[in-house]
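The values are calculated or read from the model by the stated rules, or taken from the named source; none is laboratory data. These figures come from a predicted structure and were not determined experimentally. Heads up, the Cβs are rebuilt from the backbone with ideal geometry, glycines too, and the neighbour counts pull from every protein chain shown.
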Amino acid sequence: MNKLYKSDSDKIFFGVLGGFAEKYNRDSTAVRIVYSLLTVFTAVIPGLILYVVLGCTLKVDPMRTTNYKEYLSNRNEDKKALK
């Protein structure tokens, strides 16, 4: 089962909606528009609270983070240098 993670590359504030879009293979702009409309039409505060709570509790996907990719790239270069 795939977990929901924040996006490290597709984010505006916390990366929550970018992570949601990546998980469900949707366009992040469309997800942001739908979430914004739902937030506006449901008295704003619950949507903002949910976003902040998710932004503070979700983790960044370690397999997609830029630092992890750099780590793997450097590791592969080190292995090639040792051969």
Quiz item: Can you name every residue in the range 1-17 that is part of a helix (DSSP H, G or I) and within 14 Å of Lys59 (Cβ to Cβ)?
Solution: Val16
Exercise. Among the residues of the range 1-19, count how many are under 17 Å from Ile49 (Cβ atoms) and more than 8 Å from the chain's Cα centre (by Cα).
Key: 1
Exercise. Those residues that are in contact with a Gly (Cβ under 8 Å, 6 or more places away or on another chain) and surrounded by 19 or more Cβ atoms within 10 Å (Cβ to Cβ), I need them from the range 9-27; list them, please.
Key: Gly15, Val16
Exercise. Could you tell me whether any residue of the range 72-80 is under 18 Å from the mean Cα position of the chain (by Cα) and either among the hydrophobic types (A, V, I, L, M, F, W, C) or modelled with pLDDT of 95 or more (or both)?
Key: no
Self-check item: Where Tyr35 falls short, out of the listed (1) at pLDDT below 90; (2) in a helix (DSSP H, G or I)
Solution: (1)
